[in-house]
Structures are given as C-alpha cells and as structure tokens.
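Down below is the structure, laid out as structure tokens.
The values are calculated or read from the model by the stated rules, or taken from the named source; none is laboratory data. Note that the structure is a prediction, hence the values are computed from the model and not measured. Cβ placement follows ideal geometry from the backbone for every residue including glycine, while neighbour counts extend to all protein chains displayed. Keep in mind that these areas ignore ligands, DNA and RNA; they rest on the heavy atoms of the full protein, side chains included. Shrake-Rupley method; radii C 1.70, N 1.55, O 1.52, S 1.80 Å.
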Protein chains: 2
Amino acid sequence: MSVPAAPGDATRAAAERLLRRCDELAAVSASPDGIERVHLSAEHARVNAVAAGWLREAGLATWQDAAGNQWGRLEGAEPGLPALVLGSHLDTVPDAGRYDGILGVVTAIEVAARLAPHRAQLPFAVEVVAFGDEEGTRFGTALLGSRAVAGTWLDGWWDVADAAGTTLREASTAFGLDPAAIADAARRPEDLVGYLELHIEQGPHLEAAGRALGVVTSIAGARRFAGRVVGEARHAGGTPYAKRRDALVGAGQVVVALERLAVETGGIATVGRLQAHPGGVNVVPGLVEFSLDVRAEHDATRDDLVARIEAYARETCAARGLGFELQETHRAPGVYCDAGLTESVVAGIAATGDDDPVQLFSRAGHDAMAVAAITPVAMLFVRCEDGISHHPAEAVTLDDVGLGLDALEAAVRDLARRRSAAR
Amino acid sequence: MSVPAAPGDATRAAAERLLRRCDELAAVSASPDGIERVHLSAEHARVNAVAAGWLREAGLATWQDAAGNQWGRLEGAEPGLPALVLGSHLDTVPDAGRYDGILGVVTAIEVAARLAPHRAQLPFAVEVVAFGDEEGTRFGTALLGSRAVAGTWLDGWWDVADAAGTTLREASTAFGLDPAAIADAARRPEDLVGYLELHIEQGPHLEAAGRALGVVTSIAGARRFAGRVVGEARHAGGTPYAKRRDALVGAGQVVVALERLAVETGGIATVGRLQAHPGGVNVVPGLVEFSLDVRAEHDATRDDLVARIEAYARETCAARGLGFELQETHRAPGVYCDAGLTESVVAGIAATGDDDPVQLFSRAGHDAMAVAAITPVAMLFVRCEDGISHHPAEAVTLDDVGLGLDALEAAVRDLARRRSAAR
C-alpha cells in the first residue's frame, strides 16, 4: 500500500477552484451570520443558477427538474445513452459548514469538465445533479430532492408545513414549480447506469486512520420523529409542585436518557430541535415540541433503540401526568452500496496511490440512499477535520479535495473501461 | 366568623358587567387562537383605548402616561388631593387567561364609578391605573409599566430587544411614546395616598380554604435569568458520543434537577422558555438558550436556591465540556404590604361577611411590588379555579367577582373614614 503525500500541480489548481466555489456558494445564505440555505428558498434558486452556469461552462446541457433539483448532462459516445449520475446536494442545515453536500456537487462538475473533451470514448452519458433538499431542514422530511428523482415521492408531503406555516405545496408553487408535475422529476432505471457520490465523511474515522479518502460500504438509515410532551401551562409562581405538570421537565428527562439508551444499544439518538411553549418566562411549560433522529449501522438496532426510547418516554411522562406523542416523519432503510460500482470507487482511490482504501459505513444519511431505489449507488468519503460537520468549522484540506477529485474522475474512467470491455 | 353565600343583586349585575368586560378585552389579541397582548403592541393601544372609554364613562379624567400606562382620576372633596390608586395590568403572557391583571383593572374602574357620586365625601382623589407591562413577556424585563411610575426605570432597558430584534426604545417610539420623556411617568410620593390592587390568586390556597377572598401579607420577589448552555453543533449521525458536546443534554440535566433543588430549599424554580440551536433535526445542538425564574417567600431562600442551581449547572455542564452562562435580567426584592392599608383591606373583606379573612403571601409578582417604592401598597386576592393561571382555563365565579368588587369598594370607604377621622 502506498498513500500519496499530495496530488499533482494541475489537480491542486483545480482543488483551489473547488474550494473557491464552495466559498462562493457559502455566501448565498438566508442568514448574515452563517450559512443557511433551505429547500425552495430564494437562496436555493440562486445556487441552482450558479451551478447551472458552471455546468454550462463545463460543456453540459442544463435543466432544473420538477422538484427543484439542478441537472447537467454530457452526452457520451453517442446521444441518448444511459447516464452515470454524479452529484450530491446544495441545501444546508442551519448555521452550516460549506462542504457538506456542496463539495460533492462542485467536484462532480469538475469531473464532468475533465471528461468533456473525451466524451467520444464514454460508453455512457455523464450527468451531474445538485439535489435541492437532502437535509430536511425546512420541512422536517429529508431527501425530498432525491426521492422525487427516485419516484418515491409521497403525496402526503405536500401538506407538511415549515415553521412559518407554509406548506410544501405553497413553497413549491412560489418557487415556480408545478406540484402536479412532480412525477416528471422521476428518472427511469433504464436511463441510468448508476449514481456516484463524493461527500465529506462527517465523522472522525478517516482522520484517525490517516487516510484522505474512504470507500462507503453502506449507509445507515435514519428514522426521524416529531415528538410532543403535553402538560399544562400554569403560573410559575402560584402553582405548587404538587399541581405542576411541567412538560419541559418530562422532555428534559427523555433528552437526558437518550444517551444511555443509545450507548446500550449501539445506536445514535439525537434531539436537535426542542422548544418549550407557551414560552413565557413566568409560565410553567404546557407543551414541548421536539425532533428525534435515530440511526444505527443495522436497521434492527435502530428500531430497537426507537422502541426503548418510546417505552422510557411514555413511562416517565405518565408518571408526571404528562402526555407523550411521537410521530414518524421520515424513515429510510439502511442501504448497501453496489458491489460493482464500489469496485470502481476502490480503483479510483487506488489511482491516487492508496491501493487498500479504508472501508466504512456512513452514519449520516445521503442522497444515495434515495437514489438506490432506481439505480446502483456507490460513495466516496473525503476526510474532514476532527469529524466536524453541520457546523461553520467544517474543514477539508486542499490536498484531500484534490485527491477526491482525481479519485472520482478515475472511478468514472474505470467504470467506462469496464463497460466498454463488457460490450 | 361568617362567610357570605353570595353578593346582592346589584353587585351580581355589576359582576356580570365585569366578566363581560374581561371577555371584551380577551378578544383583543395578537393571536387568533388565544390571548396574547404584549407591551407596546397594537393590542396594548387598543385595550388602553377601551379602558379609557370605560374610565370616562365612570366620570374620570383620563390620560396615557409616558410609559404607555392608562390612567383615570376622580377628584375627591377638593381638586388636587393626593390620590389613592387602584389598579393592575392589562398585558398578558402568551396563550393567557382573561383575568390575570385584567380583573383588577375592571374592578378598579367599577369601584371608581361607584364612588363618583360620593366624591364630595372623599378625603383623597381616586385614581385607576392599567399598567402596560407587568408580565415582561415581550422584553423579558417585568414590571416596566409600574417601574416607570415608581421612578425606578433603568436606562439600560432601552436597548433590550424582543424576539424580533426590536429594542424597547424602538417599540416605544413606534407606539407613539417619547423615550426621553420616561421620567414624566414617575409619580411623586407626596401626590399619593397608597396603592390597592385586586388580583386573582393564581394559586389554589383560597379554594382549599373555602374562601372567596384573601388578604396578601407580602409578595415574593422573583429573580429572572437568561441562561445559555454552550456546546458544539455537529452532525447527529457522524459524531460519536465521545466527541459530542450536546448543549441540550446539559440543559436537560439542569431542568430536571431544578425540581429537586427547589423542593430542598422550599423555593420555586421554573424554566419557562427553552430553545435548542441551530435547531436542525440532524444536528447535535451547539447552544441552548433558556429563561430561569426563581422565587420564594423570603429573599434569602430564593438567593440560596439560585446559588445551588448555578453551582449544580456549572459542575454538570463542565463535566460534559459545556459552557454555562447565567445573566440576571430581573430582580425584585420581596415586598411587605403596608399594615395600615392592609387593615382597610381586612375591613373591606369583613364588610362582605368574612370577618377573619385568610392571610397569605403572593408567590407571583405584582405591580404592587414596584409601586411600593413610592407609596404604601396592599392587595386583595380573589379565588380562582384550581389555582390555574397563565393558561386559557383561568376561571373565576360570578359570586367571587361580586364579593371582590364589594370588598374593594368597602376597603376604599374604610380608608376614607380613617383618613377623614384623622384630620
């Protein structure tokens, strides 16, 4: 095994461009103090336009689909061939970093630009996709963009509302999309060769292993819930403890217990959003609304953890005279990456000098999970600093970005060779 | 001791009017689903106008002061006499009941209307005040209205902002007030005889004792804080537990511990407002902001409880690598009601048939606490159902409202007799 110290000069120059592009997209934010770009927002429209410009510059034909995803297409040896899709997402969590999803999109565009002069040798078309919703920040329902493409859209989603009360239907219409045309965003399996996604690891394992890149074996499937603890709002001073049904105390017990339950089962459980109502400084909270995200390497572990959390919360809340409700808003089955496509990813990384790349499963969800419903998927992870993600401190190195770019291009070329040889 | 079954017919008719007026004010709300009327809002202006109409109808001269409080004045035997002030507040917590504060204002207006024909016998003027901010819902700083009247306004308050970022200075100007004129709202002690406030109990003690009315001996002084638990926002899936600094878990431990610490000391501690940031469903919370309200019968008990909470929170958060910050936003010393004025309240309740009224301390804060800085204060509590307050279910009976009205009028007449006799 040999691990390269650094990519070549041309690649370093390209990596510099990719980092500049990440910076340029980071400036498109709903917040002056950080990065926030949610589904179907004005910022979504702007980054789609910016990405479309880069795609056209790279020689690709571009379009925005009925779900608000931005696409580009480079024809292969002949027009109309099935496409290998490269991509990731451009939406963000609140106060986000600048590489989660973004790096995968800008790298895919760069790979397409490198392949464009050699399209006559390609046994497939190469498409780039920038999904409009992976995080689920605005509507609580993740992977809206990729699920539209996979044709696994659920009609019930149209009535889900954001924090301001705007439904997905209203937001789509305001964005200029036609909800009735959502099925047009779905791609047919026969038109696709596969889907390759480069993404930052969002965890500390590659850094700990001293490797720039890694191969993803599977993606853990998250379940997400909207939870409520229901008590009674009363005067904070006048109400003796015997008469209090404080929803926040019940919710606090549940939040504190999550860590123990998760460690016991080997899963991960997170309450990322929590708010007490009515929110008066001198009012005992009568209602707490919160989000719950549960994941594990195996779906059975995850479901066991969900069941334990629910049982604990029900019992704890009942003992305090509180109601407890948990409504599932999202459930993604764990997804295994395609063995054949993954061989090309391994070959791609090997081409950069690491011929025995680290294999790891993804604790985070990715668009690839949704796309797997219609075509083989594979993923390539790029090391990030201290595993930090979903935070402004998200960081990658120029060298790692360059190696990721070279590896992704080499993976596509490897796949092209295999497909051509198999003809 | 004899406790009357019910007030007379005339009083019952008046009590019906008072309840109707509470209903009329309840309809002035910023929320379609409940009652919410905060300081310097359009709803504040509207209820001031409604109250001014009732005051003029009762024969009082009216004005709105430089802090947005609504006043009415009935001259006594001769013009310009010092005034006995009757009143309470018209602002509300979010999703409020319809009697907290409001009942005291409408009852004061009715008492003034009853006294108007007899003003020639009054050795003092009678004024009615409807304070514009007691709850502190909008700016987190309570008693803004009564502290302006007491002349204990702090200049630092002008820059305090509401949730939308609007400062108190901006809100005052938008309301049509001149911040530079705030000192004009302050009343001089020599112009006042005292302050009498009728209020619902907001606790279950009168109901448990089977009494409609009670005499308040003292008012517990609350301390309020804006708290922050500071961790690190990271990806909910990718971050192993060893690397998490989850601010919500730390805050949850503090919230859960409050009850134990409060019961140990005999005080009351409430977190009424709590929010996790950045608030992404798949992001470990990096920051939690919350409010903390601490009170007790004696200030020393309260301060001991604050110290224990702070020590526990610092230790618990430090053990998780979390920062903990607590900033005091409000501190009211406990206030003892004036013995002389309270004798008149006892006499007033006795006049309704209960000649040995229940004496109790107020666990809730009241405008009387602020007004006590410039004139003697006393308070009369009206029983409310199940002690519920700061909740839409807040309820009083027609009979109790009538008895409260009669008692407040009788208290004023008793004080007038004493003052006339002392001349």
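The residue pairs whose first member lies in the range B:94-111 and is at pLDDT below 95 and assigned to a loop (DSSP other than H, G, I, E, B), whose second member is surrounded by fewer than 24 Cβ atoms within 10 Å (Cβ to Cβ) and not β-branched (Val, Ile, Thr), and whose beta carbons are closer than 7 Å, counting only pairs six or more residues apart or on different chains, are B:Pro94/A:Pro278; B:Pro94/A:Gly279; B:Pro94/B:Glu36; B:Asp95/A:Pro278; B:Asp95/B:Gly34; B:Asp95/B:Glu36; B:Asp95/B:Pro392. Has the range B:217-232 got at least one residue that is closer than 30 Å to A:Phe225 by Cβ, outside any helix (DSSP H, G or I) and in contact with a His (Cβ under 8 Å, 6 or more places away or on another chain)? Looking for residues that are closer than 30 Å to A:Phe225 by Cβ, outside any helix (DSSP H, G or I) and in contact with a His (Cβ under 8 Å, 6 or more places away or on another chain), one finds at least one in the range B:217-232, hence yes. Any chance the range B:396-409 includes a residue that's within 14 Å of chain A (Cβ to nearest Cβ) and surrounded by fewer than 19 Cβ atoms within 10 Å (Cβ to Cβ)? For the range B:396-409, residues within 14 Å of chain A (Cβ to nearest Cβ) and surrounded by fewer than 19 Cβ atoms within 10 Å (Cβ to Cβ): absent.
Counting only helices (runs of 4 or more DSSP H) that sit wholly inside the range A:283-390, those with at least 2 residues that are in contact (Cβ under 8 Å) with a residue 60 or more places away in the chain and either within 14 Å of chain B (Cβ to nearest Cβ) or under 23 Å from A:Thr265 (Cα atoms) (or both) are A:299-319, A:367-371.
Residue under question is A:Ser29, and the condition is that it be under 20 Å from A:Glu134 (Cβ atoms) and either modelled with pLDDT under 95 or in the same structural domain as A:Glu409 (by TED's automatic domain parsing) (or both); does it hold? For A:Ser29, the condition - under 20 Å from A:Glu134 (Cβ atoms) and either modelled with pLDDT under 95 or in the same structural domain as A:Glu409 (by TED's automatic domain parsing) (or both) - is met. The set of residues from the range B:239-257 being open to solvent by less than 30 Å² (accessible area, probe 1.4 Å), under 35 Å from the mean Cα position of the chain (by Cα) and at the interface with chain A (Cβ under 7 Å from one of its Cβ atoms) comprises B:Leu248, B:Val249, B:Gly252, B:Val255.
Note on the range A:20-37: among residues that are outside any loop (DSSP other than H, G, I, E, B) and open to solvent by 30 Å² or more (accessible area, probe 1.4 Å), the one that is farthest from A:Leu55 (Cα to Cα) is A:Asp23. Taking A:Arg211 as the residue in question, decide whether it is under 15 Å from A:Ala372 (Cβ atoms) and not in a strand (DSSP E or B). Spelling it out, it is not the case that A:Arg211 is under 15 Å from A:Ala372 (Cβ atoms) and not in a strand (DSSP E or B). Residues considered: A:Gly237, A:Gly165. Of these, the only one that is small (Gly, Ala, Ser) and without any contact (Cβ under 8 Å) to a residue 24 or more places away in the chain is A:Gly165.
Every condition in (1) more than 7 Å from every other protein chain (Cβ to nearest Cβ); (2) surrounded by 21 or more Cβ atoms within 10 Å (Cβ to Cβ); (3) of a type in the set (A, V, I, L, M, F, W, C) is met by B:Ala236 except one, and the failing one is (1).
Let's see how each residue does on (1) within 14 Å of another protein chain (Cβ to nearest Cβ); (2) under 19 Å from the mean Cα position of the chain (by Cα):
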{"site": "A:Ala130", "(1), (2)": "no, yes"}
{"site": "A:Thr141", "(1), (2)": "yes, yes"}
{"site": "A:Ala150", "(1), (2)": "no, yes"}
{"site": "A:Ala163", "(1), (2)": "yes, no"}
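Considering the range A:82-102, and only residues there that are open to solvent by less than 20 Å² (accessible area, probe 1.4 Å) and more than 14 Å from chain B (Cβ to nearest Cβ), the residue that is farthest from B:Pro285 (Cα to Cα) turns out to be A:Ala83. For the range B:208-224, the candidate set comprises residues that are out of contact with any Asp or Glu (no Cβ under 7 Å at 6 or more places or on another chain) and either crowded, with 24+ Cβ neighbours inside 10 Å or of a type in the set (Asp, Glu) (or both); within that set, the residue that is nearest to the other protein chains (Cβ to nearest Cβ) is B:Ile219. Taking the condition over 21 Å from A:Leu103 (Cα atoms) and at pLDDT 95 or above, does A:Asp191 pass? Criteria met by A:Asp191.
Residues of the range A:243-264 that are touching a Phe, Trp or Tyr at 6+ places or on another chain (Cβ under 8 Å) and of a type outside the set (A, V, I, L, M): A:Gly250, A:Glu259.
If you go through the range B:46-66 and keep only what is open to solvent by 40 Å² or more (accessible area, probe 1.4 Å) and out of contact with any helix residue (DSSP H, G or I) (no Cβ under 7 Å at 6 or more places or on another chain), you end up with B:Arg46, B:Ala49, B:Arg56, B:Glu57, B:Ala61, B:Trp63. Please work out which residue is most open to solvent (accessible area, probe 1.4 Å), limiting yourself to the range A:188-207 and to residues that are under 21 Å from the mean Cα position of the chain (by Cα) and among the charged types (D, E, K, R). Out of the qualifying residues, it is A:Glu207. Scoring A:Ala422 on the criteria (1) more than 14 Å from chain B (Cβ to nearest Cβ); (2) buried (at least 24 other Cβ atoms within 10 Å of the Cβ) leaves a single failure, condition (2). Would you be able to tell me the number of residues in the range B:263-280 that are within 7 Å of another protein chain (Cβ to nearest Cβ) and either open to solvent by 10 Å² or more (accessible area, probe 1.4 Å) or over 17 Å from A:Val256 (Cα atoms) (or both)? The qualifying residues number 9.
Being touching a strand residue (DSSP E or B) at 6+ places or on another chain (Cβ under 8 Å) and closer than 18 Å to B:Asn282 by Cβ holds for only one residue in A:Ala269, A:Ala276, and it is A:Ala269. No other residue among B:Gly334, B:Gly365 is modelled with pLDDT under 95, surrounded by fewer than 24 Cβ atoms within 10 Å (Cβ to Cβ) and within 22 Å of the chain's Cα centre (by Cα) apart from B:Gly334. Could you run through the range A:141-200 and say how many residues are assigned to a helix (DSSP H, G or I) and touching a strand residue (DSSP E or B) at 6+ places or on another chain (Cβ under 8 Å)? Going through the range A:141-200 one residue at a time, the tally reaches 7. Please enumerate the residues belonging to the range B:124-164 that are modelled with pLDDT under 95 and of a type in the set (Val, Ile, Thr). Answer for the range B:124-164, where residues must be modelled with pLDDT under 95 and of a type in the set (Val, Ile, Thr): B:Thr137, B:Thr141, B:Thr152, B:Val160.
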